[in-house]
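Let me begin by presenting the structure, written as structure tokens, before commenting on it.
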Amino acid sequence: LEYARSVVQVKKSSKVPPSSPSGAATAGGELALISRIRSKSQTANPSVVLGIGDDCALLRPAPGEELAITTDFSLENVHFRRDWHSPESVGHRCLARGLSDLAAMGARPIAAFLSLALPAELTTSQAGQPVWIDRFLDQLLTLAERMGVQLAGGDTAQSPRLKGSDGLVAADIVLIGGAKRGRALLRSGAKAGDIIYVTGALGGSAAELLALERNPKSDAETHPTATEHPHLFPEPRIEAGLVLAAKRLATGAIDVSDGLSTDLRHLCEESGLAAEIEASAIPIHAMAQQAEESGWGPSALDLALHGGEDYELLFTAPPSKKIPTHIGGLPIQAIGRMRASDAGEPVITILALDGSRQELEAKGWEHFR
Ligand SMILES: [Mg+2]
């Protein structure tokens, strides 16, 4: 296998060719791609002393900060499908997943490092159409700009063809954030008796994914509007995480990436506790409601409990702590309470809509099953 590899090490002083969606692409090659990435990355974060161009980036967190680091794969046919997800959506989601982890820690975004393996045809212009990788990058960098995170390095490679089929897209992103020392929000911080809260509404992402599965949309129909596309363009809750950490509102936190039933279990396990939630209190996204009403989807409550990738924040706080009705522009909803775990008792119980008390099993949505 010929596996072209080139570290992002265009000299800092070297001239970067102007970004050209088709021209630079057809010139091809790793260096051209790296130059394009570099010329497109305009966001500067004050904690990035040295970005793309040298062997390493140099970061300088603010005094009293510690670094929060997270890494996420975006693999074709695992995390996205090229026939369902526009390149803009893939780029946005690639960065949003890592940002959501920073949000869950109450960290401010600093830098991102992107490693990409791509089939050659996605870096070249096809019949005058915009190049896949340019559309991917432009949307990723649009979100980066909005969140103040600097693309500070990475790597590119051509993915190998396998038995005559095209290669697949694989993106690995590393996100670095800064949190005040000792103040990062942890999954392990919840206490028995704490109230469980969630930001925003749940189930929208799974509902939109089901809709895509039934009726894949054309590129033109998927515009990056967070409120309308909870699956294609999820909004990481950075501001809410920063407020929770800065005001010391939360004892524990996690982002809802795998589904409420699964992520709440993670929080319970890390805190050594159990939880009880109320079905009637779960904030349900309008798209989940629509999916239920249209009759082809699971119930809206099931989508909200088990549908993943909502990227809302789940956090705990003692009953004595006054929690605002909105944080970072998002409604905050109390959904239950943490309690001591008893051997033989379920980790999570739910007060169902019919008034019965049931065990809530962790069954986060499995995409593309
Ligand atoms: Mg997470």
message = Just to check your reading of the model, which residue among GLY189, GLY177 is buried (at least 22 other Cβ atoms within 10 Å of the Cβ), within 16 Å of the ligand (Cβ to nearest atom) and under 30 Å from ALA250 (Cα atoms)?
response = GLY177
request  = Would you be able to say whether some residue in the range 226-249 is over 24 Å from VAL149 (Cα atoms) and modelled with pLDDT of 95 or more?
outcome  = yes
inquiry  = When you check ALA304 against the structure, is it assigned to a helix (DSSP H, G or I) and modelled with pLDDT under 95, yes or no?
reply    = no
task = May I ask you to say which residue of LEU122, LEU140, LEU50 is in contact with a His (Cβ under 7 Å, 6 or more places away or on another chain) and over 30 Å from ALA190 (Cα atoms)?
result = LEU140
key: Test set (1) within 16 Å of the ligand (Cβ to nearest atom); (2) at negative phi; (3) modelled with pLDDT of 95 or more - LEU58 fails condition number   = (1)
key: Selection count where residues are touching a residue at least 24 places away in the same chain (Cβ under 8 Å) and touching a Pro at 6+ places or on another chain (Cβ under 8 Å), scope the range 320-334   = 3
query = Looking at this structure, is LEU212 among the hydrophobic types (A, V, I, L, M, F, W, C), crowded, with 16+ Cβ neighbours inside 10 Å and in a helix (DSSP H, G or I)?
reply = yes
query = Got a number for residues in the range 39-53 being modelled with pLDDT under 90 and either more than 23 Å from the chain's Cα centre (by Cα) or part of a strand (DSSP E or B) (or both)?
reply = 2
inquiry  = Given the options THR156, THR142, name the one that is at pLDDT 95 or above and either of a type in the set (Ser, Thr, Tyr) or part of a loop (DSSP other than H, G, I, E, B) (or both).
reply    = THR142
query = Across the range 104-145, what is the number of residues that are buried (at least 22 other Cβ atoms within 10 Å of the Cβ), among the hydroxyl-bearing types (Ser, Thr, Tyr) and under 16 Å from the mean Cα position of the chain (by Cα)?
reply = 0
query = Restricting attention to the range 199-210, does a residue exist that is at pLDDT 95 or above and within 21 Å of ALA68 (Cβ to Cβ)?
reply = yes
message = Quick check on this structure: which one of SER6, SER74 is modelled with pLDDT of 90 or more, hydroxyl-bearing (Ser, Thr, Tyr) and within 28 Å of the chain's Cα centre (by Cα)?
response = SER74
query = If LEU303 passes every condition in (1) crowded, with 22+ Cβ neighbours inside 10 Å; (2) of a type outside the set (D, E, K, R); (3) within 16 Å of the ligand (Cβ to nearest atom) but one, which one does it miss?
reply = (3)
note = Exactly one of PRO324, PRO298 is crowded, with 16+ Cβ neighbours inside 10 Å and part of a loop (DSSP other than H, G, I, E, B), and that one is PRO298
query = Filter the range 223-262 for residues that are more than 30 Å from ASP138 (Cβ to Cβ), assigned to a loop (DSSP other than H, G, I, E, B) and touching a residue at least 12 places away in the same chain (Cβ under 8 Å); which is nearest to the ligand (Cβ to nearest atom)?
reply = GLY259
inquiry  = Criterion first (in contact (Cβ under 8 Å) with a residue 12 or more places away in the chain and farther than 15 Å from ALA279 by Cα) does LEU351 satisfy it?
reply    = no
ask   = Looking at PRO119, PRO87, PRO130, which one is more than 28 Å from ILE254 (Cβ to Cβ) and touching a Phe, Trp or Tyr at 6+ places or on another chain (Cβ under 6 Å)?
value = PRO87
message = I'd like the residue in the range 263-272 that is of a type outside the set (A, V, I, L, M, F, W, C) and within 11 Å of the ligand (Cβ to nearest atom) and, out of all such residues, is farthest from ASP342 (Cα to Cα).
response = ASP263
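The values are calculated or read from the model by the stated rules, or taken from the named source; none is laboratory data. Nothing here was measured: the structure is a model prediction, and the numbers come from that model. In this analysis, Cβ positions are derived from the backbone assuming ideal geometry, glycine residues included, and neighbour counts consider all displayed protein chains.
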